[in-house]
Structures are given as structure tokens and as C-alpha cells.
1. For the structure I just gave you, tell me whether A:Leu204 is in contact with a Gly (Cβ under 6 Å, 6 or more places away or on another chain), outside any strand (DSSP E or B) and over 23 Å from A:Leu20 (Cβ atoms).
2. Which of the residues that make up segment A:78-124 are out of contact with any helix residue (DSSP H, G or I) (no Cβ under 7 Å at 6 or more places or on another chain), in a strand (DSSP E or B) and closer than 27 Å to B:His48 by Cα?
3. How many residues are in contact with a helix residue (DSSP H, G or I) (Cβ under 7 Å, 6 or more places away or on another chain) and either within 17 Å of A:Gln156 (Cβ to Cβ) or more than 10 Å from chain B (Cβ to nearest Cβ) (or both) when one looks only at segment A:184-198?
4. Inspect segment A:19-39 for any residue being farther than 26 Å from B:Asp120 by Cα, without any contact (Cβ under 8 Å) to a residue 40 or more places away in the chain and among the acidic types (Asp, Glu) and give the result as yes or no.
5. Exactly one of (1) buried (at least 19 other Cβ atoms within 10 Å of the Cβ); (2) in a loop (DSSP other than H, G, I, E, B); (3) hydrophobic (A, V, I, L, M, F, W, C) is unmet by A:Val48. Its number?
6. Pull up segment B:41-66, narrow it to residues that are within 14 Å of chain A (Cβ to nearest Cβ) and assigned to a strand (DSSP E or B), then point me to the one that is farthest from B:Phe82 (Cα to Cα).
7. For segment A:31-43, does any single residue satisfy the condition of being under 21 Å from A:Pro191 (Cβ atoms) and assigned to a loop (DSSP other than H, G, I, E, B)?
8. Of the residues that make up segment A:126-146, is at least one free of Cβ contacts under 8 Å to residues at least 60 places away in the same chain, under 30 Å from B:Ser70 (Cα atoms) and under 14 Å from the mean Cα position of the chain (by Cα)?
Amino acid sequence: MPNAGPVDFSGVWETAKLELVVLPEVAGKMTPEAQARADLFRKLADPVRDDPAKVCLIKGMPWTMLGRARNYPTEIIQYPDRIFMVFELYDQFRQVHLDGTPKPDDFGPSPSGWSTARWEGQELVVETTGLPVLNTFGVMQRTEEAKVTERWHLGQHPEFGQVLEVDITVDDPEIFAQPARAHQVFKRSAPGVVPGGYNCSSSLWDDHIDRRKAELKIKE
Amino acid sequence: MKKLALIALPIAALAIPASAHHSPASYDTTKRVQIQGAVQTAFFRNPHGHIDVQVKDARGKVQTWKVETSAANLLRRRGWVFSKVKPGVTGTFIGHPNKTVPNDIYLREIVFSDGTRFGDKGGNDNVLD
């Protein structure tokens, strides 16, 4: 399928190296209120029981793009008017509107939000809004006012060959005192690798059933 | 049935890891232990799986060890064949010990009694996923 843009990002990618990932909550300067919430969470939370991965939490943008786990493929399918992204991790999905289709007035906040993009030379600039509140008590926080700007470009890395670099800026004035920076480097996945299903929530259901069986004293 | 023996020895000190998909907070990734035993139950799923392993301690008493695994999708790509990990199968299970809970490890490698080995592709030992 031909793409109309100056760069074709199509293909299967994965996080190149977790040490190359820059997170906004680490690199950015939080507002005093947001910082206080993050500090309180760090102080009170049980790092084992309160791990969001244990409840299959989909944090959404910008963290959708900032996965640090290795070997999880993300496929980019690029059409002239739209880019689709399929993430194996947590079965996530994004659409980037290259034709500038505006966010509908009745668009409900969702973890991927509404993304539009424009080309600046060889760089794709993606802007995302329409994101829901995340974590009023936690380290990774977001309000509905958040705007995430990504700048995608292809590059070469001495270890990984062709890479897709994504520079991210998070504008969320109630969370960050100034726009927070984030960064991701994707490498090409090995030939034949495709995104599979993650099906995280089935483990939650299994755990629920185990608890209910115990409550109801059901033995198999 | 082969005699099962409990061995819990630190194998190597590794670099302190950065956190990955799953918080490694509950496991001491600077240490490795190995246990020998028989699979009682095994569930491979995302974000993590788990195996119960029956292990005889030094006094001959059978204890159940909890073995947490990486995500099923990742293990498949690393060549793990889940049907191999079925109840009754014996082998050596190598992983990081839980910092506070006894008889609980985060699995990195299995060496079955028939010599089959399921490991961590790429040897990236400083990441728990």
C-alpha cells in the first residue's frame, strides 16, 4: 500500500533498549501539587501490591509510546490519510489522522486519545488530545487538558540499525510546571515477528474466579 | 521417581536493574537460586505466569515453591514449549528469590531432567519482564 508522506514508517517495531527510554515523570518538573501526590504514593504504596501492571492498567498516551519491556512488537500500518498502530502490549491501538480530521465534538476521552499529524520535512509531528484523567494518586498522572506532541523521524543507530526515534513533549499544566520531555527509540523487530494478543484481563478474571471459589467453598 | 533435592545457592551477582514492564521490587535480581523439583501446576499467561513446584527439603519434606514467570508471549518467542511444562515433569528451576516471601522465585531458566533447557533469549538478565 503506497503512502503519501515523505517517509514510510510501516513495519514491525519494538523498544530498542529500555535505558534509552525517557519518561516525562522522570525528566519533567512537576507542579508542587502533582509532585506531592507522587511523593505520597511512593511513600505509602506497596511496590508489589500496587503495581499497575498487576491490574492490567492501560495508561495510554504518552506511556503507550514509552514501553520499556523488551520484545513486544508494535506494528505501524501507514496509509495516505491515516496511520494505524497495533501494540501487542496490553492490546493497545492508535490511529493517527494524517488528513487533519479534527477531533469530533462528542469524542469521549480514551487512553489513545485523538491524534492528528502533519509533515515537517522528513519528520512527522503528531498531536494528541482527548485523553482521560490518570492517577489522582500516583506517579504517572494526567488530566483531560493534556496535549502530547510527538516528533517521529527515522535514524540510524550503531547497534540497532534503522530506528524510529520519537521525541515527545507533554503539555499538562496541572501536572507539569513546564512541558515535560520524553523519548523513545524503536528498532525493527526480527523478521516474522508480528503483534499477538495480550489478553491481560483474562488473568484478572481467573483470579476473581479463584477468590469466589474460595468464598463459596467450591472444591474441584 | 528421581530423588528431589533442594538447592538454594546464590549463583551470581548482577547489576541492579531498571524496572521494566513489571516491577521487580519483590525479587532480588542481584541473586539467583536454583531448586530441583516436580511441576505440580503451570499457568502461562500475560502479564505473568506461574508454576507450582514440589521440592523436597534437606529433611525430605516436600514443600511447594511458587515460581513466577515472564509473560507467555515473550516466553513463546524465546522458544518455550508450554506443553513441556506439565504436572509431574522434573527439572531444575533457576531464578531470583523473593526478598520477603520464602519459597518464591522469579524464573529465568528451566533445565529439565532430559536435558531440555528453556532460557532467557539474549541473556538480558538485568530485566524482569
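The values are calculated or read from the model by the stated rules, or taken from the named source; none is laboratory data. Predicted, not measured: the structure shown is a model, and the values here were computed from it. Methodologically, a virtual Cβ is constructed for each residue, glycine included, from the backbone with ideal geometry; neighbour enumeration extends over all protein chains shown.
1. So A:Leu204 fails the test.
2. Selection gives A:Met85, A:Val86, A:Phe93.
3. Total satisfying the criteria: 2.
4. yes
5. (1)
6. Only one residue fits best here, namely B:Lys66.
7. Scanning segment A:31-43, I find no residue that is under 21 Å from A:Pro191 (Cβ atoms) and assigned to a loop (DSSP other than H, G, I, E, B), so the answer is no.
8. No; the residues of segment A:126-146 include none that is free of Cβ contacts under 8 Å to residues at least 60 places away in the same chain, under 30 Å from B:Ser70 (Cα atoms) and under 14 Å from the mean Cα position of the chain (by Cα).
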